[in-house]
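Down below is the structure, laid out as C-alpha coordinates.
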Amino acid sequence: MMFAATDISESVRRALLRLPRYGVFDNLTFRVDGTEVTLAGQARDPKLKSSAEKAVRKIEGVSSVDNQIEVLPLSSSDDWTATAVYRAIYSMPTLPRFKNWPLDPMYNIPQSAPPIHVIVENGNVTLEGLVANEWDKKVAAIAVNGVGGVHKVTNNLRTESGK
(Lines give C-alpha, C1' and ligand atoms only; values in the text may rest on other atoms or scores of the structure.)
Protein backbone atom coordinates (compact mmCIF):
# COMPACT_ATOMS: atom_id res chain seq x y z
CA MET A 1 0.00 0.00 0.00
CA MET A 2 1.32 3.48 -0.88
CA PHE A 3 1.43 6.24 1.72
CA ALA A 4 1.78 9.88 0.78
CA ALA A 5 4.50 11.83 2.55
CA THR A 6 1.90 14.43 3.53
CA ASP A 7 -0.21 11.76 5.26
CA ILE A 8 2.84 10.48 7.14
CA SER A 9 3.89 14.04 8.03
CA GLU A 10 0.50 14.84 9.51
CA SER A 11 0.48 11.56 11.46
CA VAL A 12 3.97 12.25 12.83
CA ARG A 13 3.01 15.80 13.81
CA ARG A 14 -0.08 14.57 15.67
CA ALA A 15 1.84 11.75 17.37
CA LEU A 16 4.52 14.12 18.65
CA LEU A 17 2.01 16.68 19.92
CA ARG A 18 0.20 13.95 21.88
CA LEU A 19 3.31 12.87 23.80
CA PRO A 20 2.57 13.42 27.49
CA ARG A 21 6.12 14.58 28.31
CA TYR A 22 6.33 17.09 25.43
CA GLY A 23 6.19 20.64 26.70
CA VAL A 24 7.39 24.20 26.49
CA PHE A 25 11.00 23.32 27.34
CA ASP A 26 11.32 20.79 24.50
CA ASN A 27 11.47 21.26 20.75
CA LEU A 28 10.68 18.30 18.52
CA THR A 29 11.04 18.52 14.76
CA PHE A 30 10.98 15.94 12.00
CA ARG A 31 11.60 15.36 8.32
CA VAL A 32 9.83 12.80 6.15
CA ASP A 33 11.61 11.33 3.14
CA GLY A 34 9.25 8.84 1.53
CA THR A 35 8.53 6.37 4.33
CA GLU A 36 11.60 7.28 6.39
CA VAL A 37 11.29 9.74 9.28
CA THR A 38 14.14 11.67 10.89
CA LEU A 39 13.44 13.10 14.33
CA ALA A 40 15.44 16.10 15.56
CA GLY A 41 15.29 18.88 18.13
CA GLN A 42 15.93 19.00 21.85
CA ALA A 43 14.38 17.27 24.85
CA ARG A 44 14.97 17.81 28.56
CA ASP A 45 14.01 14.24 29.40
CA PRO A 46 15.58 11.15 27.78
CA LYS A 47 12.19 9.44 28.08
CA LEU A 48 10.72 11.98 25.67
CA LYS A 49 13.34 11.04 23.09
CA SER A 50 12.50 7.34 23.33
CA SER A 51 8.73 7.98 23.51
CA ALA A 52 8.87 10.07 20.35
CA GLU A 53 10.67 7.31 18.48
CA LYS A 54 8.25 4.63 19.70
CA ALA A 55 5.21 6.73 18.75
CA VAL A 56 6.52 7.40 15.24
CA ARG A 57 7.53 3.76 14.65
CA LYS A 58 3.88 2.78 15.22
CA ILE A 59 2.61 5.00 12.42
CA GLU A 60 1.34 3.05 9.45
CA GLY A 61 3.56 3.59 6.42
CA VAL A 62 6.72 4.50 8.36
CA SER A 63 9.52 2.11 7.41
CA SER A 64 12.33 3.56 9.56
CA VAL A 65 13.02 6.22 12.18
CA ASP A 66 16.35 8.01 12.62
CA ASN A 67 16.20 9.52 16.10
CA GLN A 68 18.55 12.51 16.27
CA ILE A 69 16.80 14.25 19.17
CA GLU A 70 19.39 15.83 21.47
CA VAL A 71 18.85 15.27 25.20
CA LEU A 72 19.80 18.47 27.00
CA PRO A 73 22.22 18.18 29.92
CA LEU A 74 20.80 18.39 33.45
CA SER A 75 21.38 21.84 34.89
CA SER A 76 19.54 23.54 37.73
CA SER A 77 20.82 26.89 36.44
CA ASP A 78 19.37 26.24 32.98
CA ASP A 79 16.11 25.06 34.57
CA TRP A 80 15.87 28.31 36.53
CA THR A 81 16.63 30.35 33.39
CA ALA A 82 14.09 28.41 31.31
CA THR A 83 11.37 28.98 33.90
CA ALA A 84 12.21 32.70 34.15
CA VAL A 85 12.16 33.05 30.35
CA TYR A 86 8.86 31.19 30.14
CA ARG A 87 7.29 33.50 32.72
CA ALA A 88 8.70 36.60 31.03
CA ILE A 89 7.25 35.63 27.65
CA TYR A 90 3.90 34.29 28.77
CA SER A 91 3.20 37.20 31.11
CA MET A 92 3.73 39.86 28.42
CA PRO A 93 0.50 41.90 28.17
CA THR A 94 1.08 42.35 24.44
CA LEU A 95 0.86 38.58 23.93
CA PRO A 96 -2.66 38.10 25.42
CA ARG A 97 -3.47 34.85 23.65
CA PHE A 98 -0.58 33.20 25.55
CA LYS A 99 -1.53 34.42 29.03
CA ASN A 100 -3.99 31.66 29.88
CA TRP A 101 -2.06 28.65 28.64
CA PRO A 102 -3.04 25.73 30.92
CA LEU A 103 -0.53 25.22 33.72
CA ASP A 104 0.13 22.15 35.81
CA PRO A 105 -1.11 23.25 39.27
CA MET A 106 1.66 21.40 41.12
CA TYR A 107 4.66 22.70 39.18
CA ASN A 108 3.21 25.84 37.55
CA ILE A 109 4.50 24.76 34.13
CA PRO A 110 2.53 24.14 30.93
CA GLN A 111 0.51 20.94 30.62
CA SER A 112 1.05 20.69 26.88
CA ALA A 113 3.24 22.28 24.24
CA PRO A 114 2.40 25.98 23.74
CA PRO A 115 3.26 27.94 20.58
CA ILE A 116 6.64 29.25 21.83
CA HIS A 117 9.19 26.69 23.02
CA VAL A 118 12.04 27.77 25.29
CA ILE A 119 15.27 25.80 24.93
CA VAL A 120 18.10 26.64 27.34
CA GLU A 121 21.55 25.12 27.18
CA ASN A 122 24.45 26.56 29.18
CA GLY A 123 22.61 29.87 29.63
CA ASN A 124 21.97 30.25 25.90
CA VAL A 125 18.28 30.57 25.02
CA THR A 126 16.69 29.49 21.75
CA LEU A 127 13.08 30.32 20.98
CA GLU A 128 11.29 27.93 18.63
CA GLY A 129 7.72 27.85 17.41
CA LEU A 130 5.07 29.76 15.53
CA VAL A 131 3.66 33.19 16.38
CA ALA A 132 1.02 35.30 14.66
CA ASN A 133 3.24 38.08 13.34
CA GLU A 134 6.62 39.80 13.38
CA TRP A 135 5.58 41.97 16.33
CA ASP A 136 4.93 38.91 18.54
CA LYS A 137 8.34 37.54 17.52
CA LYS A 138 10.04 40.80 18.57
CA VAL A 139 8.09 41.07 21.82
CA ALA A 140 9.12 37.53 22.81
CA ALA A 141 12.78 38.36 22.16
CA ILE A 142 12.52 41.57 24.21
CA ALA A 143 11.04 39.58 27.11
CA VAL A 144 13.95 37.12 27.00
CA ASN A 145 16.56 39.87 26.92
CA GLY A 146 15.17 41.15 30.22
CA VAL A 147 15.88 37.89 32.07
CA GLY A 148 19.03 37.66 34.17
CA GLY A 149 21.36 34.74 33.51
CA VAL A 150 20.73 34.67 29.76
CA HIS A 151 24.00 34.72 27.82
CA LYS A 152 22.74 34.64 24.23
CA VAL A 153 19.32 34.60 22.54
CA THR A 154 18.58 32.86 19.24
CA ASN A 155 15.14 33.74 17.98
CA ASN A 156 13.98 30.98 15.59
CA LEU A 157 10.31 31.89 15.91
CA ARG A 158 8.40 31.75 12.64
CA THR A 159 5.36 33.84 11.82
CA GLU A 160 2.12 32.57 10.33
CA SER A 161 3.11 34.38 7.14
CA GLY A 162 6.13 32.07 6.92
CA LYS A 163 8.92 34.52 7.80
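The values are calculated or read from the model by the stated rules, or taken from the named source; none is laboratory data. None of the values given here were measured: they were computed from a predicted structure. Here the Cβ is made from the backbone with ideal geometry for all residues, glycine too, and neighbour counts use every protein chain on show.
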Collect the residues in the stretch 136-148 that are touching a helix residue (DSSP H, G or I) at 6+ places or on another chain (Cβ under 8 Å) and surrounded by 14 or more Cβ atoms within 10 Å (Cβ to Cβ), keeping them in residue-number order.
Ala140, Ala143, Val144, Val147
Of everything in the stretch 49-59, what is farther than 8 Å from Val71 by Cβ and part of a helix (DSSP H, G or I)? Give them in sequence order.
Ser50, Ser51, Ala52, Glu53, Lys54, Ala55, Val56, Arg57
Failed condition for Val37, given (1) loosely packed, with under 14 Cβ neighbours inside 10 Å; (2) touching a Ser or Thr at 6+ places or on another chain (Cβ under 8 Å), with all others met?
(1)
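Residue-by-condition table, conditions (1) farther than 19 Å from Val118 by Cα; (2) in contact (Cβ under 8 Å) with a residue 60 or more places away in the chain:
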{"site": "Thr6", "(1), (2)": "yes, no"}
{"site": "Phe25", "(1), (2)": "no, yes"}
{"site": "Arg31", "(1), (2)": "yes, no"}
{"site": "Thr35", "(1), (2)": "yes, no"}
{"site": "Lys47", "(1), (2)": "no, no"}
{"site": "Ser51", "(1), (2)": "yes, no"}
{"site": "Ser76", "(1), (2)": "no, no"}
I'd like to know if the stretch 101-115 contains one or more residues that are farther than 19 Å from Leu16 by Cβ, touching a helix residue (DSSP H, G or I) at 6+ places or on another chain (Cβ under 6 Å) and at pLDDT below 85.
no
Scanning the stretch 23-40 residue by residue, those within 8 Å of the chain's Cα centre (by Cα) and outside any strand (DSSP E or B) turn out to be Gly23, Val24, Phe25, Asp26
